[in-house]
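Take a look at the structure set out below.
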Amino acid sequence: MLSFSPRNIALFAAAGSTCMLAGAYVFQALGYAPCQMCFWQRYPHAVASLLGVILIAIPSRILMMLGAISAFTTAIIGAFHSGVELKWWAGPISCSGNGDSLLSLSGEDLLATNVLDKVVMCDEISWAFIGLSMPAWNAVLSAVLCVMWLVALRRT
């Protein structure tokens, strides 16, 4: 039977980040190219996943706190990205707006074959489910993961 020990709760939260990260790559494989802010949301999930692996060998309150910080970080980035998509505030110049930032690129840069097929704008919703875009889902689910990390931390 599964016990709800602090360590198991933290491991489940880390597994959640691993699943979120895997899901991002599945969407990418299905043709939903990530924007710059999408990549930013992946890094904290990778950190939380790694912390879970370390937590298997070394149970530690510090690792649980770092896991909570990682989940909170990606939730904040996801919420910010969602606001950019909804035009509530401006996003990074490099991937949002009317494309004026592309004017500074040389012809060679625009024709380079070592980049994605197209420039993916951060302020466009590429996929949504029941009214929430991918970054919004990341924000919601990452907030849940953050709470799980904090519950694990509090129970230790």
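Every read-out reported here was derived from the displayed coordinates using simple, explicitly stated rules and does not represent laboratory data. For clarity, every value in this text was computed on a predicted model and none was experimentally measured. When we count neighbours, we look across all protein chains shown, and the Cβ atoms used for this are built from the backbone with ideal geometry, even at glycine.
Exactly one residue out of A29, A33, A24, A71 is within 19 Å of S133 (Cα to Cα) and in contact with a Lys or Arg (Cβ under 6 Å, 6 or more places away or on another chain), and it is A24.
Selection within segment 53-68: residues that are free of Cβ contacts under 8 Å to residues at least 60 places away in the same chain and in a helix (DSSP H, G or I). The member of this set that is nearest to S142 (Cα to Cα) is L66.
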